[in-house]
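Q: My questions will all concern the structure given below.
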Amino acid sequence: MFELDITRDFSAAHSLRGYNGDCSALHGHNWTVQVFVVSRELDKVGIAMDFKLLKKELNEVLAEFDHKYLNDLPAFAGRNPTSENIAMYIYQRLKPVVTSVPGASLSRVRVCESPTSGASYSE
């Protein structure tokens with residue numbers, strides 16, 4: 001089994017509705033996103049999935065978030081933009097692209113709001 005990953009960053013603000021604590025107030029993070037793809041096979045060039053394609057797709061998703069107030073985005077209209085929910089949203093957006101590559105599957109998406117705090121989503 002082969003595993004590849006990419007890492008990207010974005011900056012955005014959020015607040016947690018219904019949370020009893022400091023995070024209920026508007027605050028920002030420099031978020032880090034890691035995407036993990038697994039494959040049992042390589043293509044004729046010897047790669048599991050083209051990094052260029054994966055980076056392009058992730059960059060498109062993160063462009064929706066970068067320097068925004070996440071609570072205002074349609075993706076989080078009915079839920080808080082927590083690390084967990086951001087990871088799930090990115091996973092769901094990337095899954096069709098990754099599974100279009102023969103043998104590849106999306107293993108997990110990890111979103112960190114700080115160097116010491118993050119959450120992952122997988123199916």
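The values are calculated or read from the model by the stated rules, or taken from the named source; none is laboratory data. Owing to the predicted nature of the structure, the values given are computational and were not obtained by experimental measurement. With ideal geometry, Cβ positions are generated from the backbone for all residues, glycine too; neighbour counts draw on all protein chains shown.
Q: Any idea which residue in the stretch 8-44 is modelled with the lowest pLDDT, counting only those that are surrounded by 12 or more Cβ atoms within 10 Å (Cβ to Cβ) and polar (S, T, N, Q)?
A: That would be Ser24.
Q: Looking only at the stretch 72-92, count how many residues are among the charged types (D, E, K, R), out of contact with any strand residue (DSSP E or B) (no Cβ under 9 Å at 6 or more places or on another chain) and in contact (Cβ under 8 Å) with a residue 12 or more places away in the chain.
A: 0
Q: Give the stretch 72-93 a look and list any residue that's more than 13 Å from Arg17 (Cα to Cα), hydrophobic (A, V, I, L, M, F, W, C) and either in contact with a helix residue (DSSP H, G or I) (Cβ under 6 Å, 6 or more places away or on another chain) or not in a helix (DSSP H, G or I) (or both), or say none.
A: If the condition is that a residue be more than 13 Å from Arg17 (Cα to Cα), hydrophobic (A, V, I, L, M, F, W, C) and either in contact with a helix residue (DSSP H, G or I) (Cβ under 6 Å, 6 or more places away or on another chain) or not in a helix (DSSP H, G or I) (or both), then Leu73, Ala75, Ile90 are the ones that fit.
Q: Let me ask something additional. Applying the selection to the stretch 67-104, what residues are surrounded by fewer than 15 Cβ atoms within 10 Å (Cβ to Cβ), under 23 Å from Leu42 (Cβ atoms) and of a type outside the set (Val, Ile, Thr)?
A: Lys95, Pro96, Ser100, Pro102, Gly103
Q: Moving to a separate point now. Looking at (1) within 30 Å of Pro102 (Cα to Cα); (2) modelled with pLDDT under 95, which is the one condition that is false for Gly78?
A: (1)
Q: Looking for whichever is aliphatic (A, V, I, L, M), assigned to a strand (DSSP E or B) and more than 19 Å from Phe2 (Cβ to Cβ) here; the options are Ala63, Ala119. Which one fits? Before you say what the answer is, go through the steps one by one.
A: Details: Ala63 fails: assigned to a strand (DSSP E or B).
The match here is Ala119.
Q: Being small (Gly, Ala, Ser) and either touching a residue at least 40 places away in the same chain (Cβ under 8 Å) or over 18 Å from Lys52 (Cβ atoms) (or both) is the filter here; which residues of the stretch 94-123 pass it? I'd like the intermediate steps shown before the answer.
A: Let us first name the residues in the stretch 94-123 that are small (Gly, Ala, Ser), namely 100, 103-105, 107, 114, 117-120, 122.
Answer for the stretch 94-123, where residues must be small (Gly, Ala, Ser) and either touching a residue at least 40 places away in the same chain (Cβ under 8 Å) or over 18 Å from Lys52 (Cβ atoms) (or both): Gly103, Ala104, Ser105, Ser107, Ser114, Ser117, Gly118, Ala119, Ser120, Ser122.
Q: Turning to a different aspect of this structure: Could you tell me which numbered condition Ala119 fails, if it satisfies all but one of (1) crowded, with 17+ Cβ neighbours inside 10 Å; (2) in contact with a strand residue (DSSP E or B) (Cβ under 8 Å, 6 or more places away or on another chain); (3) of a type in the set (A, V, I, L, M)?
A: Against the list (1) crowded, with 17+ Cβ neighbours inside 10 Å; (2) in contact with a strand residue (DSSP E or B) (Cβ under 8 Å, 6 or more places away or on another chain); (3) of a type in the set (A, V, I, L, M), Ala119 comes up short only on (1).
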